[in-house]
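The values are calculated or read from the model by the stated rules, or taken from the named source; none is laboratory data. Computed from a predicted model, the values in this text were never measured in an experiment. Positions of Cβ are generated from backbone atoms using ideal geometry, with glycine treated the same way; all protein chains shown enter the neighbour counts. The accessibility values were calculated without ligands, DNA or RNA, using every heavy atom of the protein model including side chains. Shrake-Rupley method; radii C 1.70, N 1.55, O 1.52, S 1.80 Å.
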Amino acid sequence: MDLIQTYSEPELVLLLQQRSQTAFSYLYDHYTGALHTVILSIVGEEELANDVLQEVFVKIWRQMSSYDASKGRLFTWMLNIARNAAIDMVRS
């Protein structure tokens with residue numbers, strides 16, 4: 001029987017900043033649906049939304065060191081990245 005790993009937000013942030021692949025997989029599994037929904041509502045096309053979502057997770061991975069918990073929750077930070085990427089895609 002497999003145990004399901006859960007993280008508090010501070011634990012998750014710390015592990016992501018330490019480049020933990022396991023934590024990133026957890027992040028992806030738990031936030032893909034919400035971010036995809038927001039992106040799709042902006043771009044309006046499933047295939048395009050999937051492309052933007054992939055770019056968003058790459059940005060999150062690359063920019064994780066710039067996340068500042070004192071400025072807001074992790075989800076809000078990721079949501080802003082997703083929203084901005086979707087808007088940029090529509091504009092281009």
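Here are some notes:
- Local electrostatic count at Arg83 - Lys and Arg +1, Asp and Glu -1, tallied over other residues with Cβ under 13 Å: 0
- Approximate spin-label separation Arg62-His30, in nm, with each point projected 7 Å along Cα-to-Cβ: 2.5
- Carbon-plus-sulfur accessible fraction, the chain (probe radius 1.4 Å, protein heavy atoms only): 51%.
- The helix-only estimate of mean residue ellipticity at 222 nm for the chain, built from DSSP H runs of length n ≥ 4 each weighted as -39500 (n - 2.57), is -25000 deg cm²/dmol after division by the residue total.
- P(r) tail fraction, the chain - alpha-carbon pairs more than 15 Å apart, %: 58
- For the chain, a crude dipole built from +1 on the beta carbon of Lys and Arg and -1 on the beta carbon of Asp and Glu, taken about the Cα centre, is about 400 debye to the nearest 20.
- Using a probe of 1.4 angstrom and keeping all protein chains present, the accessible surface of the chain works out to 66 square angstrom per residue.
- Segment Ala69-Ser41, extension gain: residue separation times 0.36 nm, minus the distance between their alpha carbons: 7.4 nm
- Remark on Ser20: its backbone amide H falls under 5 Å from none of the residues 5 or more positions apart or on other chains, H modelled at 1.01 Å from N.
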